[in-house]
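One structure is given below, encoded as structure tokens.
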Amino acid sequence: MSQIQDLVEKGQSLMDDGKFDEALGFFEQALLLNQNDPDLWNYKGVALRSLGRYEESMECFNKSLEIDPRDKHAS
């Protein structure tokens with residue numbers, strides 16, 4: 001399993017537990033390893049939105065769409 005996949009799985013598990021702050025940290029670590037993965041930007045956006053940080057979350061969703069305009073999952 002790749003380091004990024006590992007970080008994402010930990011982040012998603014924390015999201016499920018409602019630990020959005022901690023999850024955000026894992027998604028940010030994953031992004032440090034790969035800035036060009038639209039899914040990682042999307043995960044970060046969802047975590048930020050869950051924390052009520054809407055402006056920052058929109059920036060992440062926009063970044064995800066810039067990388068992959070065909071990304072149907074970006075909210």
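The values are calculated or read from the model by the stated rules, or taken from the named source; none is laboratory data. Because the structure is a prediction, the values reported are computed rather than measured. Quick reminder, even Gly has a Cβ in these numbers, built from the backbone with ideal geometry, and neighbours come from all protein chains shown.
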Condition check for residue 26: in contact with a Leu (Cβ under 6 Å, 6 or more places away or on another chain) and among the aromatic types (Phe, Trp, Tyr): yes
Pairs under 6 Å by beta carbon, first residue more than 11 Å from residue 48 (Cα to Cα) in region 8-26, partner surrounded by fewer than 16 Cβ atoms within 10 Å (Cβ to Cβ), six or more apart or different chains? 14/22
Can you run down the residue pairs with Cβ atoms below 6 Å, 6 or more apart or on separate chains, where the first is in region 27-52 and within 12 Å of residue 12 (Cα to Cα) and the partner is of a type in the set (Lys, Arg)? 27/44
So, in region 26-75, of the ones that are surrounded by fewer than 17 Cβ atoms within 10 Å (Cβ to Cβ) and of a type in the set (Gly, Ala, Ser), which residue ends up modelled with the lowest pLDDT? 75
